[in-house]
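One structure below.
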Ligand code: PXP
């Protein structure tokens, strides 16, 4: 059954906008866990625009579920990850001016740097996930590199409607099947919301769905715990 990883970057974004100490990121993680999250995800960006180094260390100490650290393949961030020791690291592409992560990692193009980074991170006992588009060659390359998991980028699926969305869903389904056949764990995320999450949650063998924007946006009206509970209800519905 799929589980929910709650991405709380947006909570830190609000805090950083004013340079205050609130909203409290640890409280956000606690409420997400109380709502049923199986994990907490944060992205320590190279530009530190939302999550700060101190957040990652504090979350490691305080959360009761698992910590998934999203990050670029950058030596200084890898060093922090190895020290903090999250349960999982998800390697993502990062561009300085993007609003959010745009597209998956080019595993084939970055093969050399990934072939150094992945064993380094894994040697400390952290599971390594690669955020990739639902493309067969990228998935095969992730398996060749010894990644433990892939997180299938659902951004394209999420932005489409009707028949085009069905086609994009089919690509995610096929990517999940290929990944499993290669021994990879399968997660998914980006752009998932209360209207489009169910078909992704129902994919055979789907693991964690990492969701941030839609949950934090709903939390403005309902509170975070309730927003997480609502999402989890949809993920767990069979039909
Ligand atoms: N997965 C990855 C790798 C991401 O970079 C993000 C955005 O930070 C998410 C999932 C969550 O996406 P969203 O905020 O659209 O739910």
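Being within 12 Å of the ligand (Cβ to nearest atom), out of contact with any strand residue (DSSP E or B) (no Cβ under 8 Å at 6 or more places or on another chain) and either touching a residue at least 12 places away in the same chain (Cβ under 8 Å) or within 23 Å of residue 31 (Cα to Cα) (or both) is a property that does not hold for residue 226.
Just to be sure before I move on: is residue 233 over 29 Å from residue 118 (Cβ atoms), away from the ligand (no atom under 13 Å from the Cβ) and outside any loop (DSSP other than H, G, I, E, B) in the structure I sent? Before you say what the answer is, go through the steps one by one.
Numbers: over 29 Å from residue 118 (Cβ atoms): yes; away from the ligand (no atom under 13 Å from the Cβ): yes; outside any loop (DSSP other than H, G, I, E, B): yes.
The answer is yes for residue 233.
Within segment 205-223, if we keep just the residues that are more than 10 Å from the ligand (Cβ to nearest atom) and touching a helix residue (DSSP H, G or I) at 6+ places or on another chain (Cβ under 7 Å), the residue that is farthest from residue 51 (Cα to Cα) turns out to be 205. Checked against the criterion of being over 18 Å from residue 7 (Cβ atoms), more than 14 Å from the ligand (Cβ to nearest atom), at pLDDT 95 or above and touching a strand residue (DSSP E or B) at 6+ places or on another chain (Cβ under 8 Å), segment 190-199 has no qualifying residue.
Identification of helices (runs of 4 or more DSSP H) wholly contained in segment 86-185 with 1 or more residues that are touching a strand residue (DSSP E or B) at 6+ places or on another chain (Cβ under 7 Å) yields 111-122, 136-144, 162-181.
Looking only at residues that are part of a helix (DSSP H, G or I) and touching a helix residue (DSSP H, G or I) at 6+ places or on another chain (Cβ under 9 Å) in segment 69-85, which one is surrounded by the fewest Cβ atoms within 10 Å (Cβ to Cβ)?
Here the answer is 75.
Any idea which of (1) within 11 Å of the ligand (Cβ to nearest atom); (2) touching a helix residue (DSSP H, G or I) at 6+ places or on another chain (Cβ under 9 Å); (3) in a loop (DSSP other than H, G, I, E, B) is the one residue 1 doesn't satisfy? Of (1) within 11 Å of the ligand (Cβ to nearest atom); (2) touching a helix residue (DSSP H, G or I) at 6+ places or on another chain (Cβ under 9 Å); (3) in a loop (DSSP other than H, G, I, E, B), only one is false for residue 1: (1). Among residues of segment 9-59 being part of a loop (DSSP other than H, G, I, E, B) and within 12 Å of the ligand (Cβ to nearest atom), the one that is nearest to residue 84 (Cα to Cα) is 44. Only residues that are in contact with a strand residue (DSSP E or B) (Cβ under 9 Å, 6 or more places away or on another chain) and assigned to a helix (DSSP H, G or I): list them for segment 200-218, please. Within segment 200-218, 200, 201, 213, 215, 216 qualify. Of all residues in segment 129-165, exactly one satisfies the criterion of being surrounded by fewer than 17 Cβ atoms within 10 Å (Cβ to Cβ) and either under 12 Å from the mean Cα position of the chain (by Cα) or within 12 Å of the ligand (Cβ to nearest atom) (or both), namely 159. Does segment 113-128 contain at least one residue that is within 15 Å of the ligand (Cβ to nearest atom) and within 20 Å of residue 40 (Cα to Cα)? The answer is yes, given that some residue of segment 113-128 is within 15 Å of the ligand (Cβ to nearest atom) and within 20 Å of residue 40 (Cα to Cα).
The values are calculated or read from the model by the stated rules, or taken from the named source; none is laboratory data. Bear in mind the structure is a predicted one, so any value in this text is a computation, not a measurement. Cβ coordinates were reconstructed from backbone atoms using ideal geometry, including for glycine residues, and neighbour counts include every protein chain displayed.
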